[in-house]
1. Consider B:Val246 against the criteria (1) assigned to a loop (DSSP other than H, G, I, E, B); (2) more than 14 Å from every other protein chain (Cβ to nearest Cβ): it satisfies all of them except one. Which criterion is unmet?
2. Output the residue which, of all residues in segment B:413-448 that are more than 9 Å from chain A (Cβ to nearest Cβ) and in a loop (DSSP other than H, G, I, E, B), is surrounded by the most Cβ atoms within 10 Å (Cβ to Cβ).
3. Under 8 Å between Cβ atoms, at least 6 apart or on separate chains: pull out the pairs that start in segment A:96-107 with a residue that is at pLDDT 95 or above and end on any residue that is among the polar types (S, T, N, Q).
4. Keeping to segment B:452-472, report how many residues are in a loop (DSSP other than H, G, I, E, B), under 26 Å from the mean Cα position of the chain (by Cα), within 14 Å of A:Ala41 (Cβ to Cβ) and of a type in the set (A, V, I, L, M).
5. Considering only segment A:31-57, how many residues are in contact with a strand residue (DSSP E or B) (Cβ under 6 Å, 6 or more places away or on another chain) and under 14 Å from A:Val68 (Cβ atoms)?
6. Scan segment A:96-118 residue by residue and report those that are part of a helix (DSSP H, G or I), of a type in the set (Asp, Glu) and over 12 Å from the mean Cα position of the chain (by Cα).
7. Do the conditions hold for B:Ala301, that is, is it of a type in the set (A, V, I, L, M), buried (at least 24 other Cβ atoms within 10 Å of the Cβ) and more than 22 Å from B:Ile364 (Cβ to Cβ)?
8. Confirm whether A:Leu65 is at the interface with chain B (Cβ under 8 Å from one of its Cβ atoms), within 25 Å of B:Phe482 (Cβ to Cβ), modelled with pLDDT of 95 or more and out of contact with any Cys (no Cβ under 8 Å at 6 or more places or on another chain).
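The values are calculated or read from the model by the stated rules, or taken from the named source; none is laboratory data. The structure presented is a predicted model; accordingly, all values stated were derived computationally and were not measured. Note: ideal-geometry Cβ built from the backbone for every residue, glycine included; neighbour counts use all protein chains shown.
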Amino acid sequence: MTALSLLVCAALAAPRPPAPEPAEPPPPATAAEQAERIQAALGRIHGSPAPATWRSLGPGADEALLKVAADGAALPRRRALALTGLSHLGGARAEAALTSFAAQEGLPFAVRAAALEGAGRLLAPAALHRALSPVLAARRPADRTVAAEVLAERAPAESCGAIRARAALRGERPGLARALSRCGASGR
Amino acid sequence: MHEAVPRRLALPILATLAACPGADPPFPPYEEPRAPAVRCPSAPVLVNGGTNPAPDPGATCVQAVRDSALPAVSASATHGWIDLGERTVGEVVPFPVPPGTASITVIEQVVDAAARMTIHFASGSTTQTFIEENAAVVAELRDPAGFLVFTDIRLGGPSDGSATPLFFESYAAVTGTLSYPNTSAALEVAASGVAAGDWTVRVGDYGYECALAGSPDPPAALAGFSCDPPGAGVTPFAQGRYRVFVLTRPAAPTGSAIPATGTLDVAFHLVDALAPGQLMPVDAASAPTHAATLRMVDAYAVLLSQAGLCLGTVTFLDAPDWARSRFGTGVSDADGSACGEFSQLLTLSVPGQRTLDLFLVPRIGSGSATLGIDGTIPGPATVNGTVASGAMVSAANLGAGTCPAAGGPVDVLRCGSDEVAYIAAHESGHYLGLYHLTEHDGRHWDPLTGTPSCRTSCSSAEVSPAACARSTTCGGGPNLMFWSFDPLVSRGYLTAEQGQVARTSPLVR
């Protein structure tokens, strides 16, 4: 157990059963409280907010998160986590936003990577393949790496052929090694 | 030998973080407690450390036993490093603490022990079964009078450990570290120095606790707790072996035993993607003069100055190509085991160096969800190269945003390098022994009475920084060691007690 998990179960001495996921808290009673809770979710230092935390942010949270994600003046990690939150909230607006962000060249790496991973969480395999396979040819190698890993994990049947084809290009194989390994493990 | 670039002094004017223009200050008139910043006598020296020479371990999980960078205790050195050798769990090992000692640190490093165990926990009519990774944790620590300073032979710990002699809630595999004093009660008792004489440590781990629970006469404190026997070929729980070190830090010559100020040397490891697709704005060669890292170091120095700490040498190292290939597009924190990506990355801290090692990576976890994470609380100070030797910090914001002019106040809302510095300082606080003031549930607190706490009643959900910046009973949000970060609330404050605990670390010189 590392510092991350110890802080979640800080009362334990000798080993104890892992704590169940806490019950979903009530939605915020006021707009100010919602804003506080969104800030807290975006500012968690160790580990990801639980899906229940995102879901408990209440009506309109998707709009607030989308505003953060689209704010070019906001710091990249904050925008990235807003996209992750959106992917947990789901819905047509979140799908459209994540697909759009995933397609954008020139975004800070953390932002685009979060969009790629969020799309992987939200889209069905065929739709995911359509949305992310063009990113296998993205300008930034790290974007290609993340896209390939998401596709290999979430849409192997649809995408492993394209990942292998990309890996056959000169210099591409090292960055796609983990994706290729996942494709191999999935038998695709 | 690499060039050393002298840095200008971090200006005392920076000691207050910027309020955020356009945002209503959420907490006045409530005033969070905070210690004054120390005025450092000289500026940190920034150094290009070149490329980290760590060899590629391939698929091997690195768990090597490492030595301390401190001098060994000898006839000419009363304080430093004492090697208690390889010991079996359950052994009670004495060690001398000389007069004039400010703190003691005990470190266990695994030599041979079961990696994990299947545990049953019976409560009432129900029994839960789960698999847990073994944890290196001292079973008992006693002072020269035989007083039990710490025991892990217990189920459950205090929600608030401020009245206990030693607080420990940082269970980790392979390498475990315990430090004294680290609570309000102990800081008071040891104000003029840790009791001199022969202390004893009982070597332990979770396996040892399994063995005790399964013994004919199990301790009452372990009632309801049992473990399956280890599988064939696995070291029996009662035979785990650890290399045990004790580190002693000398007391200040006058006044309080814990020195009022100290110096910390830091190593920043740049774990970037391989060329031509680098994701960070700097490498080790450019970092000592690049605006993004200069800003980060300045802000980091400002935050640590509230703990009475000054930066000495700041070394930047490029990760070797094999590590950049493996970790350079991000590091997962999902696997918290000793062989997980995070723990293995920490083994790149260079052995033999008395440095606090911070690994800057492009992102941590899926969706960049994690800002930072450290090995253990406290870290195995001065023992680099272990799975717990350092901390990892997201560099996603390094160089991003708009920063104030040099010497301007820290701005964690708009200046990405300042935000990276804030998280680096938070993780450094953990490594130096500081816990979160309040955990997310509002039910567990650090062991210091001088830090504000925040209760469940302060919020309808997780206790947020904003909800914990209102009163002495709903406080702590602006403190550097609050569990969560909010650029509109977080101020990076530290209290006098927090500074004392940080300065007990053997890393501080």
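1. Every listed condition holds for B:Val246 apart from (1).
2. It comes out as B:Asp446.
3. Matching pairs, first to second residue: A:Leu98/A:Ser87.
4. Of the residues in segment B:452-472, 1 are in a loop (DSSP other than H, G, I, E, B), under 26 Å from the mean Cα position of the chain (by Cα), within 14 Å of A:Ala41 (Cβ to Cβ) and of a type in the set (A, V, I, L, M).
5. Residues that pass the stated criteria total 2.
6. Passing the criteria: none in range.
7. Yes, satisfied.
8. No.
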